1. Report, by residue number, each residue of the range 1-43 that is more than 30 Å from Ser72 (Cα to Cα) and of a type in the set (Phe, Trp, Tyr).
2. Report the residue count in the range 21-44 for those that are surrounded by 11 or more Cβ atoms within 10 Å (Cβ to Cβ), touching a strand residue (DSSP E or B) at 6+ places or on another chain (Cβ under 8 Å) and at pLDDT below 85.
3. What about Lys17, is it more than 15 Å from the chain's Cα centre (by Cα), more than 27 Å from Lys137 (Cβ to Cβ) and assigned to a loop (DSSP other than H, G, I, E, B)?
4. Select, from Thr54, Thr33, the only residue that is in a strand (DSSP E or B) and either touching a residue at least 12 places away in the same chain (Cβ under 8 Å) or farther than 24 Å from Val86 by Cβ (or both).
5. Could you tell me whether Gly51 is under 21 Å from Asn113 (Cα atoms), in contact with a helix residue (DSSP H, G or I) (Cβ under 7 Å, 6 or more places away or on another chain) and either loosely packed, with under 12 Cβ neighbours inside 10 Å or not hydrophobic (A, V, I, L, M, F, W, C) (or both)?
6. Would the range 61-77 turn up any residue that is more than 25 Å from Phe119 (Cβ to Cβ), open to solvent by 60 Å² or more (accessible area, probe 1.4 Å), over 14 Å from the mean Cα position of the chain (by Cα) and not charged (D, E, K, R)?
7. Determine if the range 110-124 includes at least one residue that is among the aliphatic types (A, V, I, L, M) and within 14 Å of the chain's Cα centre (by Cα).
Amino acid sequence: MKIVQQWKQDDSDFIRKKVIEHNMTKLPDELKTPNEDISFVIRNDLEEIIGGITANMFWHHMHIEFLWVDESVRGKGYGRTLLQKVESFAIDKGCRFIYLDTFSFQAPQFYKNNGYEVFGEIKDHRKGFNQYFLHKKFDI
């Protein structure tokens with residue numbers, strides 16, 4: 001037996017799959033839902049990506065992984081629109097809540113302004129910056 005430091009996407013996917021398989025053996029059937037990756041992308045007239053949101057959905061909740069809008073179009077409501085798209089998708093799929101994390105230099109106020117509540121914080125996660133964990137519950 002040996003332990004090797006490396007990064008291989010296939011190995012990472014295998015480990016993730018095995019954790020999910022284990023978790024599924026512990027859950028009642030009504031909680032078992034497919035593990036689904038979701039994204040919405042904004043493209044300009046040249047078909048270049050100028051914004052997007054990625055998320056993962058399972059067990060009746062959604063985790064927002066990344067939300068990005070190009071600086072050239074920030075402040076025009078695209079971030080809010082992407083957030084609304086993923087929220088509508090989550091609600092349509094029966095998710096009870098969405099959660100995410102963001103740093104103090106990123107967008108905690110943006111999420112708060114869109115109805116998300118802080119449920120955790122790591123102060124000085126990187127010296128001088130805090131990491132926030134936020135969620136938004138749905139009435140489902």
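The values are calculated or read from the model by the stated rules, or taken from the named source; none is laboratory data. Note that the structure is predicted; figures quoted are calculated from it, not measured. Backbone-built Cβ (ideal geometry, glycine too); neighbour counts: all protein chains shown. Ligands, DNA and RNA are stripped out before the accessible areas are found, and what is left, the full protein with its side chains, is counted by its heavy atoms. Shrake-Rupley method; radii C 1.70, N 1.55, O 1.52, S 1.80 Å.
1. First, the residues of the range 1-43 that are more than 30 Å from Ser72 (Cα to Cα): 1-36.
Of everything in the range 1-43, those that are more than 30 Å from Ser72 (Cα to Cα) and of a type in the set (Phe, Trp, Tyr) turn out to be Trp7, Phe14.
2. Start the filter on the range 21-44 by keeping residues that are surrounded by 11 or more Cβ atoms within 10 Å (Cβ to Cβ), which leaves 23-24, 27, 31-33, 35-36, 38-44.
Among the residues that remain, those that are also touching a strand residue (DSSP E or B) at 6+ places or on another chain (Cβ under 8 Å) are: 33, 35-36, 38-44.
Still in the running and at pLDDT below 85: 33, 35.
Qualifying residue count, the range 21-44: 2.
3. Details: more than 15 Å from the chain's Cα centre (by Cα): yes; more than 27 Å from Lys137 (Cβ to Cβ): yes; assigned to a loop (DSSP other than H, G, I, E, B): no.
Judged against the criteria, Lys17 is not a match.
4. On the way: Thr33 fails: in a strand (DSSP E or B).
None of the others qualify; the one that does is Thr54.
5. Working: under 21 Å from Asn113 (Cα atoms): yes; in contact with a helix residue (DSSP H, G or I) (Cβ under 7 Å, 6 or more places away or on another chain): yes; either loosely packed, with under 12 Cβ neighbours inside 10 Å or not hydrophobic (A, V, I, L, M, F, W, C) (or both): yes.
In short, yes.
6. Kept after step one, since they are more than 25 Å from Phe119 (Cβ to Cβ), are these residues of the range 61-77: 70-77.
Within this subset, residues satisfying the condition of being open to solvent by 60 Å² or more (accessible area, probe 1.4 Å) are 71-72, 74-76.
Of the ones still in play, those that are also over 14 Å from the mean Cα position of the chain (by Cα) are 71-72, 74-76.
With not charged (D, E, K, R) added as a condition, the list becomes 72, 75.
Yes, the conditions are met somewhere in the range 61-77.
7. Filtering the range 110-124 down to residues among the aliphatic types (A, V, I, L, M) leaves 118, 122.
Right, trim to within 14 Å of the chain's Cα centre (by Cα) and you get none.
No, because not a single residue in the range 110-124 is among the aliphatic types (A, V, I, L, M) and within 14 Å of the chain's Cα centre (by Cα).
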